[in-house]
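Notes follow the structure.
The values are calculated or read from the model by the stated rules, or taken from the named source; none is laboratory data. Nothing here was measured: the structure is a model prediction, and the numbers come from that model. As a convention, Cβ positions derive from the backbone with ideal geometry for all residues, glycine included, and neighbour counts pool all protein chains shown. These accessible areas exclude ligands, DNA and RNA; they are computed on the full protein's heavy atoms, side chains included. Shrake-Rupley method; radii C 1.70, N 1.55, O 1.52, S 1.80 Å.
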Amino acid sequence: MPVTTIQAGNLFADISTASSPENEDFAGILARPGLKIERIVSHGQASPLGFWYDQPQNEWVIVLKGSAGLRFEDEAAARTLNAGDYVFIPAGKRHRVEWTAPAEPTVWLAVHFD
């Protein structure tokens, strides 16, 4: 069934500047079969020690604001991502977030797709 409703918003709306190390903020932007687009706001979070994401879908992610360290299991060091930097992560590619900026929100846009 085709989508008949126009959806609009602002990716920078409702971003808290207060540090919240316990919780990242996830906001769904668009979801369709085989596709999910979400905004993620990190406040100094990192993946738990020893934890690796191993996702069944491809992911394309861009840092819109802030910075983060993204590490892949087969790489010795984390890649630093700053505003405007993006990366394609194939399905099943184990990765983790080593760090996100503690002094400002890091805003990501993540596109998960088959």
> Yes or no: PHE51 open to solvent by less than 30 Å² (accessible area, probe 1.4 Å), at pLDDT 95 or above and aromatic (Phe, Trp, Tyr)?
Replying inline: no
> Among the residues of the range 53-83, which ones are assigned to a strand (DSSP E or B) and closer than 20 Å to SER16 by Cβ?
Replying inline: VAL63, LEU64, LYS65, SER67, ALA68
>> within 30 Å of PRO2 (Cα to Cα), open to solvent by 20 Å² or more (accessible area, probe 1.4 Å), without any contact (Cβ under 8 Å) to a residue 12 or more places away in the chain and out of contact with any Asp or Glu (no Cβ under 7 Å at 6 or more places or on another chain): is that true of ALA76 in this structure?
In response: no
> Quick one: ARG94 ticks every box in (1) more than 17 Å from HIS112 (Cβ to Cβ); (2) touching a residue at least 40 places away in the same chain (Cβ under 8 Å); (3) open to solvent by 70 Å² or more (accessible area, probe 1.4 Å) bar one, so which box is it?
Replying inline: (1)
